[in-house]
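Working notes, beginning with the structure itself.
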Amino acid sequence: MISLSEIQSALARIRKSIPVSPCNRSETFSDLTGNSIYLKLENRQRTGAYKERGALNKLLSLSEEERSQGVIAASAGNHAQAVAYHATKLGISARIVMPLATPLIKVSATRGYGGDVVLHGANYDEAFDEALRVSAQDRLTFVHAFNDDPRWLIDVIRCGTLAVGRRMRTTFRKLLARAKMRDDRHTLC
């Protein structure tokens, strides 16, 4: 089981680089559902998605040797951009394997964040297999988008989910207190 102190440590690792995303009330969804619906605005992150937390935490957990050898990831978009952006900021070489059909805007953004983009395969699975092959061949650390060895999975849970959940809980409590809402008819997305 993951302890609160481990979650706090993970949050502390990424805190300087990842701003807290605001939670705003959606009048439209609130009216449609008869509840108070709050949306976590992850599009306010530098790369426009929540994927930054897990990617950054993984990169920060690398040894000096792993950092010097570089990383590789497979993605058709958000994870690619997160890895490229944070790896570049940390001075880590990042190769990103993307499917041939990846939208040009995603490829361009990933390159713009400093990623060395390799287009390969008709779909994500083929890009993923190529990234694994190149990872072994070139001794690059593979940064999985959502699952990996137990250490990575725990890191993703710590930073990508639990740390976010902790921030969301704190933000939501403040919103409820400010609105003086006392009932439990509130949904957080």
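Quick look at the values:
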| quantity | calculated |
| --- | --- |
| Residue match in the stretch 69-81 (condition: in a helix (DSSP H, G or I), in contact (Cβ under 8 Å) with a residue 24 or more places away in the chain and more than 15 Å from the chain's Cα centre (by Cα)) | yes |
| Single unsatisfied condition, SER61 versus (1) surrounded by fewer than 19 Cβ atoms within 10 Å (Cβ to Cβ); (2) farther than 30 Å from ASP125 by Cα; (3) among the hydroxyl-bearing types (Ser, Thr, Tyr) | (2) |
| Hey, ARG111 at pLDDT 95 or above, within 24 Å of ARG46 (Cα to Cα) and in a helix (DSSP H, G or I) or not | yes |
| Every pair of residues 6+ apart whose Cβ atoms lie under 6 Å, when the first sits in the stretch 134-147 and is in contact (Cβ under 8 Å) with a residue 12 or more places away in the chain and small (Gly, Ala, Ser) while the second is crowded, with 18+ Cβ neighbours inside 10 Å and outside any strand (DSSP E or B) | ALA145/SER75; ALA145/HIS79 |
| Any chance SER75 is modelled with pLDDT of 90 or more and surrounded by 17 or more Cβ atoms within 10 Å (Cβ to Cβ) | yes |
| Residue check for TYR50: farther than 25 Å from GLU126 by Cβ and not β-branched (Val, Ile, Thr) | yes |
| Filter result for GLN81 (of a type outside the set (Val, Ile, Thr) and modelled with pLDDT under 95) | no |
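The values are calculated or read from the model by the stated rules, or taken from the named source; none is laboratory data. None of the values given here were measured: they were computed from a predicted structure. Using ideal geometry, Cβ is built from the backbone for each residue, glycine included, and neighbour counts are taken over all protein chains shown.
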